[in-house]
Structures are given as C-alpha cells and as structure tokens.
Amino acid sequence: MLAQVLWGSGLRMAAIGFVALLGLAGGGIRAAAQPGLPTRAGFARVGVEEKPDPKSEIGGLHSKFVDVNGVQARYYEAGAGESMVMIHGGFTAGSSTANVFSRNIEGLAKRFHVFAVDRLASGMSGNPLKDDDYTYQGDVDFIYGFIQALQLGSVHLVGHSAGGAIALYLAIEHPEAAKTLTIVAMGPENPSPASENKTRLDLSKCPDQSQYEGLQCRVAMLAWLPTTFDQEYWNADKFMATLPKSKEARAKLNAGAGRSFDFAAFKQQTLDRVRDEGVLQMPVLLVAGKNDVLDWGVNDETAKLRGEMGLFDIIAAKNTKVQMIVITNGGHFMYREHPDEFNAYLETFIDTWEKYPTAPAQGNFPKPPTSSGAPPRRESQPATQPGVIPGRPQIGQRGD
C-alpha cells in the first residue's frame, strides 16, 4: 500500500442531525448500579454487575462499564502501557459504536493500554440525562468524564470522523488530558473548501437518514473495500441500534433535542482559536483515505481531502508538530481496511514525538531575530518552475 506523508502546518450533530461512528478487548464487568438505564436497554442486572448481551460484542471482545456522571459508558479495554482512548464517529444512536475499531485494538494493545468507548447515547452507552446534552459539547463532556472516571490522566486521543471532531474539541478544552491527538478521516470539524468541489456520495438509494436502515446504508456506501464490514459486525450493529434506548435517542434527535446548540458558530470560534491563538500545541496526526466519499449533507463540501488539508493548515499555523498521512486504496474506514498499516503509522507518529518533543519555529511563528545567529529565512520563493534547480540545466536540455 502506498501512503503519502506530509509534514508541516485534520462536533457532533449539526443542530438538527445526529453524529457519531465507532474499538475493543476487555474482561469482566463491574460498575455501580445506575439510574436511568433500565434492563430494557439490553443489560441483565445482577447486583452491581452489568452484563451486556453478547449480541453487542464482536471479535471475541468483552465489554466493561463505568459510571460517567450518572450515565453508564460501555468500553473495550486491552493492553498495558500509555493510555489510548479511541472515539468512534457516525450518527448518534445509529450505526455508531466502538465495534468499528475491532480490527485495530489487539495490535495497538501490544504497545498501548487501549480504551475504545461507545459515545453518549450510542451503542451500549446510556442516553444523556438532559436533552441539551445531545450536542458536541455533551459528547466532549462525556468522553472527558470517561477519562476522569477511569483516572487515565493524559492520554493519546484517537477519533474517527465525528469522533475526531470530539477529540479535537476535547484537546482544546482540556489540553492536559491529551498527550497526542489523532484525527482519522474527514469530519464536521473541517473548514469548507471552495464551492466548485462537488461531493461524491450518492445517498439517493438509501432509506430515510433519520432511521437506522438509512444510516446503515450510508455507512456501507462509505466503505471502500468489500471486506470493510462482515456479517458479525452488522448483526451486532443492528442489535444495538434497535434497542429501546437507541430508538428513544433517535426520536429525541428527530424532535429537536440539542437543536439550540449553534454548532456553526462553535466550530468557527474553535478554528479561529486554533489558527490565531495557537491553543492546540500537542502533536497532531491527521489520517485521510484517498477514496473517502463522505459528505455531511447534500450541500456540505467538507467531505473532501481539501477539507482535511484546510484543517491541517489551520492547526499548523501555530503548531509545528503536525503530520498528515494519506492512505491510498482506503475509504472512510481505512483503519479497518488496512489495520496493520494504520496501527504502524499511529505508533510511529507517537514514538517520533516522544523522542523529539520540540520542533523548530515554522508556519506563522514569529521569525527569529537576526542576532540569533540563525541563517536568514527566505521571504519569497524563487521565480522558477517547480522542480527546476537554479543554475542547473533541466533534464533534456543542454547546459550553457
């Protein structure tokens, strides 16, 4: 597989929409009994034990549960070492669970202590206690609460799609909680590219996007390889999406829960802070699939590689510890389609910045004073064609 690596300068439901998409390995389950999550949500309650229906689990993985500010969070846990928290993307209460990381956790667990969590109202996690928490801010608070509940300290944040947006906003609001930040696949946090760029995802053959069947169709269309998802995955996905608590969450979203949250303003203010104030200073990795066809709406142009490059430039304006990897022959779920390669890229990125914690000033950083002894910096590029070395003849031409 070919990957193009670039160094230099990639929430939640829009007001009316949902928001999330999809982790693994664990053991026994123990959590305090919790109000607001009755047994109809798919659990068998035995004292303080919470045992999930095995229909929700795939790949031989086993769920754990922890109380997060009164809401139960389901997660997979595996490995030892530095903590890594993985946040799925997709639409809330739709095709949206930690199961999407099932092909990555075992490999990453050889180096990290991996936690892949179901987001708020997604998968086997509980629904918000307040309708106002059906927002990106609600998701950020939930994941931050999850990190605190398990006393994980500073973690490596990995978020896919809408989960990448949640990871970004969490790292900005709570920088002490993020050792590194990895955003996988384009998402709602991206700036909009030029209007002439057309989206490529045709949902005209999918059912209503407010229903699980429509969301499942959408996810299937975002997959690039025929092996991206198997029947075991879809069986568990449908089981969780059709639980009473999931239907309740979708009904609330369709009725307008969280609609008062001005995501457009929140997103713009956040990007302005990143670009102008440099509030994001931990190492950041953006991973894109060259064949990703995601769009977030009929007229939403964030679904392009240019959108991810736009986010790359905004972060890099004041942060030199930024890397971007573009994986060819990979779609929106390139980490599932090429798990070994993705894991290797992620581990290499983290190891690199642990060995080289500082970076020279680049981007829009102030230039060093001339008295520093540093060589002068070029104010503009030479007026030559790309690839032409001044003073040397071009290939196919004779020298003077």
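The values are calculated or read from the model by the stated rules, or taken from the named source; none is laboratory data. Just so it is clear, the structure is predicted and the values come from calculations on it, not from any experiment. In this analysis, Cβ positions are derived from the backbone assuming ideal geometry, glycine residues included, and neighbour counts consider all displayed protein chains. Please note that ligands, DNA and RNA were not included when accessible areas were found on the heavy atoms of the full protein model with its side chains. Shrake-Rupley method; radii C 1.70, N 1.55, O 1.52, S 1.80 Å.
Worth a mention:
- Test: Pro207 is assigned to a loop (DSSP other than H, G, I, E, B), of a type outside the set (Gly, Ala, Ser) and either under 26 Å from Asn127 (Cβ atoms) or modelled with pLDDT of 90 or more (or both): yes
- Selection status of Ala264, open to solvent by less than 80 Å² (accessible area, probe 1.4 Å) and either closer than 20 Å to Ala98 by Cβ or not in a helix (DSSP H, G or I) (or both): no
- Selection of segment 170-194 for residues being surrounded by fewer than 24 Cβ atoms within 10 Å (Cβ to Cβ) and not aliphatic (A, V, I, L, M) yields Glu173, His174, Pro175, Glu176, Lys179, Thr180, Pro191, Ser192, Pro193.
- Residue match in segment 228-236 (condition: in a loop (DSSP other than H, G, I, E, B), β-branched (Val, Ile, Thr), at pLDDT 90 or above and more than 22 Å from Asp133 (Cβ to Cβ)): yes
- Of the residues Gly145, Gly107, the single one that is at pLDDT 95 or above and either in contact with a Gly (Cβ under 8 Å, 6 or more places away or on another chain) or open to solvent by 10 Å² or more (accessible area, probe 1.4 Å) (or both) is Gly107.
- Scope segment 102-143; condition among the aromatic types (Phe, Trp, Tyr) and either under 19 Å from Arg218 (Cβ atoms) or part of a loop (DSSP other than H, G, I, E, B) (or both); matching residues: Tyr134
- Residues located in segment 272-296, provided they are open to solvent by less than 30 Å² (accessible area, probe 1.4 Å) and closer than 18 Å to Thr320 by Cβ: Val274, Gly278, Leu280, Met282, Pro283, Val284, Leu285, Leu286
- Unmet requirement for Gly297, which otherwise passes all of (1) modelled with pLDDT under 85; (2) at negative phi: (2)
- Only one of the numbered conditions (1) open to solvent by less than 50 Å² (accessible area, probe 1.4 Å); (2) outside any helix (DSSP H, G or I); (3) touching a strand residue (DSSP E or B) at 6+ places or on another chain (Cβ under 8 Å) is violated by Trp224, and that is (1).
- Any hit, segment 121-135, residues being surrounded by fewer than 24 Cβ atoms within 10 Å (Cβ to Cβ) and among the aromatic types (Phe, Trp, Tyr): no
- The listed residues are Ile325, Ile350, Ile314, and the only one of them that is within 27 Å of Ala185 (Cα to Cα), aliphatic (A, V, I, L, M), part of a strand (DSSP E or B) and modelled with pLDDT of 50 or more turns out to be Ile325.
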